[in-house]
1. To check you understand DSSP bridge types, tell me what percent of the beta bridges within the chain (both residues inside) are antiparallel, rounded to 5.
2. Tilt of helix 266-275 relative to the longest C-alpha principal axis of the chain, in degrees (0 to 90, nearest 10)?
3. Over 16 Å, how big is the tail of the calculated P(r) for segment 178-248, in percent of all Cα pairs?
4. Under the rule of -39500 (n - 2.57) per DSSP H run of 4 or more residues, summed and divided by the residues of the chain, what mean residue ellipticity at 222 nm is obtained, to the nearest 500 deg cm²/dmol?
5. With charges only on Cβ, +1 for K and R and -1 for D and E, what is the dipole size of the chain about its Cα centre, in debye, rounded to 20?
6. From Cα coordinates alone, what are the radius of gyration and Dmax values for segment 275-341 in angstrom?
7. In terms of Cα to Cα distance under 15 Å, which aspartates and glutamates are near enough to Lys244, apart from those fewer than 8 places away along the same chain?
8. Among the lysines, select those whose C-alpha is under 27 Å from the C-alpha of Lys243, and discard any that sit fewer than 8 residues away in the same chain.
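Any read-out appearing in this document is the output of simple, stated calculations on the displayed coordinates, not a laboratory observation. Since this is a predicted model, take the numbers as computed values, not measurements. Cβ coordinates were reconstructed from backbone atoms using ideal geometry, including for glycine residues, and neighbour counts include every protein chain displayed.
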Amino acid sequence: MTLVLTRRRLLAGAAVTATAAIAACNDGDGDGSGGSELPVEKVSILSGAGFQGREAPIFVARAKGWFTEVGLEVQVLPGKGTTSNLQTLAGGQATFATVDVNGAMIEFTRGGGIKNFRLTSVLHQRNLACFVALKSSGIATPRDLAGRTLSYLPGGINYLLFSTYARLAGFDPSKVKWVSNPIATQHAAMLAQKKVDAISQFVPAVESVRTVAKQDLVTLPFTDYIGDLHGSAIGVTTETAQKKPDLVRRFNRALLRGLEYAINHPEEAGQIYASEKETQGQPPAAAVAEVKALRAYVEGISDGPLGHFSETRMAKNIAILQAAGTIPVGLTPKDIIASDLVG
């Protein structure tokens, strides 16, 4: 009989093996005592943008004690989009940061941009960005966004990729008016109150927007026009990647365990998320809906283990952005990812 090793079995086996190895010895960032327990190290992670249901895997890993098992005490900080998160990370105010892969590449390649980071594990194999509009607005296709008012999160991927998206969708990106709001969770209310015609959002959060808007919506995913782009990943400073590789691997190992558990147990993950102090009692149902929708973005493209970058696919992602004129020619996967630190 042939044993088929699925990604889930591989991940589960890796988690068991890793836990046993950690219990046996401390091989990198510990005190070198050779004891059976790792010293607790305090670290922090920036969420993508505020606290929304797709961040549930972080809280699941913490609530289940999986960070503790690998010797980490994790503080979760509200992120403010890719550009801001990279600035905070590079400034030493966070150990880890959730960033959009494409936004990170745009920042890395722009003149004077931040280069002091490496991406270590990929959370979403597909890009989540979209615009959401009320159906009653008459917006049905991306071209209908021309002449309209759109919300954006400063430094968020919707804004960073908008010119590329608009050109590929067939309309002039300069023909829109932008309204900035750094608080991601307030965009749905802006739409419901008709302060804007469409909002920058991620596809898994559309059900949460519907709860606020209380009417039919139109969703315009970026992937309809810019296919095969990655979504979010975990970044660290170049110094952390080089000097504390074991710390990064332990963190990623526990986080990916939380990601795997969350997409397989969305009801429980949503309840855990909503019960955490950082989420301020957000409705569990909204978090559950977002976690359920997240599965399609976590699985289904890469044949590799959960969380691992494929350099081949990363090269294709880079080529798409270069062909669209979004980033200059010359960037390679090895410039920006540290695939050996995934876990």
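1. 60 percent
2. The angle comes out near 90 degrees.
3. On the way: 1527 of 2485 pairs.
Percent of Cα pairs beyond 16 Å in segment 178-248: 61.
4. Working: 15 runs with 142 residues, N = 343.
So the helix-based figure for the chain works out to -12000 deg cm²/dmol.
5. 840 debye
6. Looking at segment 275-341, its Cα Rg and Dmax stand at 17.1, 46 Å.
7. The reachable aspartates and glutamates, counting only those whose Cα sits under 15 Å from Lys244, are Asp27, Asp29, Asp31, Glu41, Asp340.
8. Lys42, Lys80, Lys115, Lys334
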